[in-house]
Amino acid sequence: MMKTTVTPTAISASPFDTLARLLSDGQVITHPVELIPYERDGTLVRGKPQAVVLPHSRDEVVRVVRWAAEHRVPMVARGAGTGLSGGAVAEDGGVVVSFARMKQILALDREGGLVITQPGVTNQMLDDTVKKLGLYFPPDPSSGRSATIGGNIAENSGGPHCFKYGVTTNYVNGLEVVLHDGQVLQLGGAAADYPGYDFLSLFTGSEGTLGLITAATLRLMRNPPAVKTMMAAFDSVEEAGDAVSAVIAQGLMPATMEMMDQKMMRIIEDYVHVGLPVEAGAALIIEVDGYPESLDAQMDEVVDVLRRQNARELRITQTPEEREKLWYGRKSAFGAIARLAPSYYVLDGTVPRSRLGAALAGVDRICSALDLRVANVFHAGDGNLHPLVLIEDPDDHELLERVHEAGRQIMQLCLELGGSITGEHGVGIEKRAYMALMYDHAALSAMWDIKHVFDPYGLFNPGKVLPPLSAVTPSAEVSTPSVPDSPCAPTSAEEVAQALQAWVAERRAVYIRGAASKFTPPQEYGAAVLATHALRGISTYALEDLYVTVRAGTPLAELQAELERDGMWVPLVSPWPGATLGGIMASNFNAPLRMRYGAIRDLLLAATMVLPDGRIIRIGRPVVKNVAGYDLHRLFVGSYGTLGVITEATWRLYPLPRARASLLVPCDNLSQALQYAGALLPVCLIASALLIGHHSSPIEVEGARIESPYVVIYTAEGVPEDVRAELRQARTALQSFGISDIWESTQWHGNALWANYLASGTPVELVRVGVGRKDLPQLLTRLAPLLHTHPYCADVATGLLYVPGGAAHLSHIEPIASEMGGYAIRATAPCLSANGVTGCSRAPEGWELMRRLKAQWDARHCLNPGLLFPR
Ligand SMILES: Cc1cc2nc3c(=O)[nH]c(=O)nc-3n(C[C@H](O)[C@H](O)[C@H](O)COP(=O)(O)OP(=O)(O)OC[C@H]3O[C@@H](n4cnc5c(N)ncnc54)[C@H](O)[C@@H]3O)c2cc1C
């Protein structure tokens, strides 16, 4: 197998003597026998570390990293070692940094919907803790009893419930990381959408190759109050796969859709006897959740669809014990298969879900041709397949070669079907060579750039994830471009590449213009303007796979109009008519509905970007689960065009909500509004907005005049039964204050009102302030004297405050927000600085890394000068 050659310098006894002195007795292991348990993870690959350290605190981690940096010793982070790609294996020796003893939950902020944990906390521990408070951390890897949060984040883990709720990266709000020189960095935190490059997304899924995670701030949801589970049997995997697509096409969003083929069911049944339909070709486990009032209706609809799709047996669990039993069966798959052979090889690939049938047929064909026994489990809703190949004799090298060949061919198949080489287990050592099948030289070289920026000496998990560039065929040379006229409106990524190369070579400032709804480039001598309006339209629309690929200059409104015909949408809203998808992505402009559907980075599956040197990088795949390499596409969210030009992006589709209803409560003063909003916060389950609006003169909502200076707005959307149930709970919460003046409507809603507030001023004067949502009341109270004549809109659920026309007050607002761990910026044209440059907001902690990355990709600061970086 191909591997990179980052070799540790020869390690004499002395560095390890000093290592032992850094920590206490029992925290450093060097005895060869005691090192054995650390040689492997959940895979067959092995590597011998020279030492294992077991730090208790961040400061101890820092000491170890400084020591390793001084002696150039490779470091391999390790959680529970359940990884399935060799990520925690010390292939090149060095020191394993085990986080097994850093397993405290540091803070649980119920009001703020956040938990701060050390990396060694297991999923099970976290689950047990937060569920007691009615909260929920959705990522649920089947290994959750022992897998750690550090490992989850490093692998961007998923699980059965990710179909509806997304993967780990969607829940990481902040990280404390130790960098290669021992520097501790706080990325993100309690607030949403910190300005600057999204290093959180970069670290999540980076498999310990960029730094060590010593704490994580995770977002929690309200635990769905009820759940209903069923199993459906089908004659074949193809039929079961079609049924999954049919459920989705009906506009339903079950919490999970899992599949097992017949072989797998028989193996499990022999082991745990849970009553699986072993005569069927395949079975689905489908779960719906929400308010108790909606479950029967949701399940009835699913059952109708499944009947139409020829389900041969339908079994709805009637008790929690029955449900447990079913899940116990599903989760015993790996254990059951382990009884049949001394070893097995778990594969992990993703395909767009409509290609599951084809993928399975291919897996069977490949394994039969190689004379291998295989059984399959799938996260069917996500198109994530896990063929399990039996290894009857782990010492039989010829057999192992066939197994690996099967793995290679199956990965190739997933790619040919439009998917990824890994949905949740990561690349590690096992799939490093396959990265070059999935990504070309340009994309891989951009990932290597990131690695060099964060880890210049290559000490963190060397050799993992990225194949050496020397082993990858270079992309075709682009001919020396002629200099285009400015403004220019390229029609393809290649034309963008040519324009950028030519202008950057001449050191010209290049301003990227979408609809110019938010940012108007300055008139500047010699500057070039690259307009995206000719990059317009939908490239691919896959309704059955719930994604759409759209060119960057396409106005959001145009896309939504197209999708609406099929009852679909991308849950994005912009206050500005004409705003383009590229502009929305580059400025990370999230509407309140992100609380219901996720933020821009969560909806983004893939993108094509052009770097200033003309490299065209296509990152991601049109699948929700894809953990191959660094999430560079997410790095462009909020980058304000300073890293490159986005030319196309693939978005997750959702069915339009079947029902939507809102409450509006006029309030006489801020403290009343805060009280009401605070009472509504714990109700939010399917809420898409919880806002406080302030206006200095009466406003009109749907023709009715509101005289009071504040309003609280609450919107819920989803299936009608859930919407009714949620609004009932919201009313009950409000009525405890004795309020009678509650308006209800299905006409207006929170996101439209939010857009109205924001559009009431010029975009460039709009200020966005972010703090932890728990701190929002304090922020509003402190700013009240300053803002009493200003309209504003506070997104209570995410702790964001928008002040149209607030730019003149930025210098007053920013220190207050910063003091609270937050930030304040011009929302459409932010400028950040670490040195108090006038007109700039305070730079985030990752500023130095931002500068290094900018220097790597745009050393001449040609792209969008003045945005993010001061001129
Ligand atoms: C039976 C079984 C079922 C599984 N089911 C699933 C599933 O449903 N979904 C899924 O996604 N995965 C699954 N996995 C894979 C694995 O459990 C997950 O990837 C898990 O999140 C790894 O956690 P860990 O603590 O064991 O990490 P480890 O295996 O110890 O490490 C994994 C990677 O994370 C890095 N790492 C660990 N801690 C840190 C840290 N603090 N800082 C930086 N890097 C770090 C390591 O270097 C390594 O690259 C399964 C594995 C098994 C054995």
Problem - Filter result for THR209 (of a type in the set (Val, Ile, Thr), open to solvent by less than 10 Å² (accessible area, probe 1.4 Å) and within 15 Å of the chain's Cα centre (by Cα)) - result: no
Practice task
May I ask you to list pairs of residues, at least six apart or on different chains, whose Cβ atoms are under 8 Å apart, with the first in the range 576-602 being over 16 Å from VAL172 (Cβ atoms) and surrounded by fewer than 24 Cβ atoms within 10 Å (Cβ to Cβ) and the second being of a type in the set (Lys, Arg) and at pLDDT below 95?
Solution key: TRP576/LYS518; ALA579/LYS518
Practice task
Kindly provide the set of residues from the range 702-726 that are open to solvent by 10 Å² or more (accessible area, probe 1.4 Å), in contact (Cβ under 8 Å) with a residue 40 or more places away in the chain and within 13 Å of TRP743 (Cα to Cα), ordered by number.
Solution key: GLU702
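Taking the range 225-238 only, how many residues are surrounded by fewer than 20 Cβ atoms within 10 Å (Cβ to Cβ) and not in a strand (DSSP E or B)? Write out each step before concluding.
Taking the range 225-238 and keeping what is surrounded by fewer than 20 Cβ atoms within 10 Å (Cβ to Cβ), we get 225-227, 235-236, 238.
From the residues that got through so far, the ones that are not in a strand (DSSP E or B) too are 225, 235-236, 238.
Looking only at that region, the number is 4.
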Completion exercise
Flagged in the range 76-90 as more than 6 Å from the ligand (Cβ to nearest atom) and more than 22 Å from the chain's Cα centre (by Cα), in numbering order, are GLY86, VAL89, ALA90
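Residue-by-condition table, conditions (1) open to solvent by 40 Å² or more (accessible area, probe 1.4 Å); (2) at pLDDT below 95:
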| site | (1), (2) |
| --- | --- |
| ASN461 | no, no |
| PRO481 | no, yes |
| CYS488 | no, yes |
| SER492 | no, no |
| ALA497 | no, no |
| ALA515 | yes, yes |
| ALA527 | no, yes |
| SER539 | yes, no |
Handout entry: The listed residue being touching a helix residue (DSSP H, G or I) at 6+ places or on another chain (Cβ under 8 Å) and touching a residue at least 40 places away in the same chain (Cβ under 8 Å), out of LEU108, LEU19, LEU84
Key = LEU19
Problem - Residue pairs meeting the criteria (Cβ under 9 Å; at least 6 apart or on separate chains; first polar (S, T, N, Q), in the range 426-454; second outside any loop (DSSP other than H, G, I, E, B)) - result: SER445/LEU469; SER445/ILE617
Practice task
Check the range 608-622 and report whether any residue there is over 23 Å from ALA689 (Cα atoms), in contact (Cβ under 8 Å) with a residue 12 or more places away in the chain and hydroxyl-bearing (Ser, Thr, Tyr).
Solution key: yes
Problem - Filter result for the condition that a residue is within 15 Å of the chain's Cα centre (by Cα) and within 30 Å of ILE739 (Cβ to Cβ), over ASN626, ASN590 - result: ASN590
Exercise for the section: Say whether the condition of being charged (D, E, K, R), under 23 Å from PHE460 (Cβ atoms) and at pLDDT below 95 is met by at least one residue in the range 168-176. Expected result: no
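Within the range 83-93, does at least one residue satisfy the condition of being open to solvent by 40 Å² or more (accessible area, probe 1.4 Å) and under 19 Å from GLY211 (Cβ atoms)?
Looking through the range 83-93, at least one residue is open to solvent by 40 Å² or more (accessible area, probe 1.4 Å) and under 19 Å from GLY211 (Cβ atoms).
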Practice task
Please tell me if ALA68 is open to solvent by less than 10 Å² (accessible area, probe 1.4 Å) and either under 21 Å from GLY458 (Cα atoms) or in a helix (DSSP H, G or I) (or both).
Solution key: yes
Exercise for the section: Just give me the residues in the range 642-663 being open to solvent by 10 Å² or more (accessible area, probe 1.4 Å) and either on the phi > 0 side of the Ramachandran plot or not in a strand (DSSP E or B) (or both), in sequence order. Expected result: LEU656, PRO657, ARG658
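Can VAL62 be described as of a type in the set (Val, Ile, Thr) and either in a strand (DSSP E or B) or within 22 Å of the chain's Cα centre (by Cα) (or both)?
When the stated conditions are applied, VAL62 does not pass them.
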Problem - So ALA673, is it at pLDDT 95 or above, assigned to a helix (DSSP H, G or I), open to solvent by less than 10 Å² (accessible area, probe 1.4 Å) and under 28 Å from ILE813 (Cα atoms) - result: yes
Exercise for the section: For ALA80, state whether it is part of a loop (DSSP other than H, G, I, E, B) and within 20 Å of THR214 (Cβ to Cβ). Expected result: yes
Practice task
Mind checking which strands (runs of 3 or more DSSP E) fall wholly inside the range 516-620 and carry at least 2 residues that are touching a Leu at 6+ places or on another chain (Cβ under 7 Å)?
Solution key: 547-551, 616-620
Practice task
With the condition kept exactly as written, say whether any residue in the range 393-408 is more than 16 Å from the ligand (Cβ to nearest atom), within 26 Å of the chain's Cα centre (by Cα) and either surrounded by fewer than 23 Cβ atoms within 10 Å (Cβ to Cβ) or more than 26 Å from ARG72 (Cβ to Cβ) (or both).
Solution key: no
Exercise for the section: Taking SER143 as the residue in question, decide whether it is within 12 Å of the ligand (Cβ to nearest atom) and at pLDDT below 95. Expected result: yes
Practice task
Answer yes or no as to whether SER14 is open to solvent by 30 Å² or more (accessible area, probe 1.4 Å), part of a helix (DSSP H, G or I) and at pLDDT below 95.
Solution key: yes
Problem - strands (runs of 3 or more DSSP E) fully within the range 275-377 counting 2 or more residues that are of a type in the set (D, E, K, R), open to solvent by 10 Å² or more (accessible area, probe 1.4 Å) and out of contact with any helix residue (DSSP H, G or I) (no Cβ under 7 Å at 6 or more places or on another chain) - result: 313-316
Completion exercise
The residue that is least open to solvent (accessible area, probe 1.4 Å), considering only those in the range 446-459 that are away from the ligand (no atom under 13 Å from the Cβ), of a type outside the set (Ser, Thr, Tyr) and part of a loop (DSSP other than H, G, I, E, B), is GLY458
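Does the range 151-158 contain any residue that is within 8 Å of the ligand (Cβ to nearest atom) and at pLDDT below 95?
yes
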Problem - Filter pass, VAL28 being within 12 Å of the ligand (Cβ to nearest atom) and either open to solvent by less than 30 Å² (accessible area, probe 1.4 Å) or under 25 Å from GLY463 (Cβ atoms) (or both) - result: no
Exercise for the section: Might you check whether a residue that is modelled with pLDDT of 95 or more and touching a strand residue (DSSP E or B) at 6+ places or on another chain (Cβ under 6 Å) occurs anywhere in the range 840-862? Expected result: yes
Practice task
May I ask you to verify whether MET265 is free of Cβ contacts under 8 Å to residues at least 24 places away in the same chain and either open to solvent by less than 10 Å² (accessible area, probe 1.4 Å) or under 22 Å from ASP602 (Cα atoms) (or both)?
Solution key: yes
Practice task
Could you list, in sequence order, all residues of the range 817-839 that are open to solvent by 10 Å² or more (accessible area, probe 1.4 Å), within 22 Å of MET585 (Cα to Cα) and hydrophobic (A, V, I, L, M, F, W, C)?
Solution key: ALA829, CYS831
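The values are calculated or read from the model by the stated rules, or taken from the named source; none is laboratory data. Note that the structure is predicted; figures quoted are calculated from it, not measured. Cβ: placed from backbone, ideal geometry, glycine included. Neighbour counts: every protein chain shown. These area figures cover heavy atoms from the full protein model, side chains too; ligands, DNA and RNA do not enter into them. Shrake-Rupley method; radii C 1.70, N 1.55, O 1.52, S 1.80 Å.
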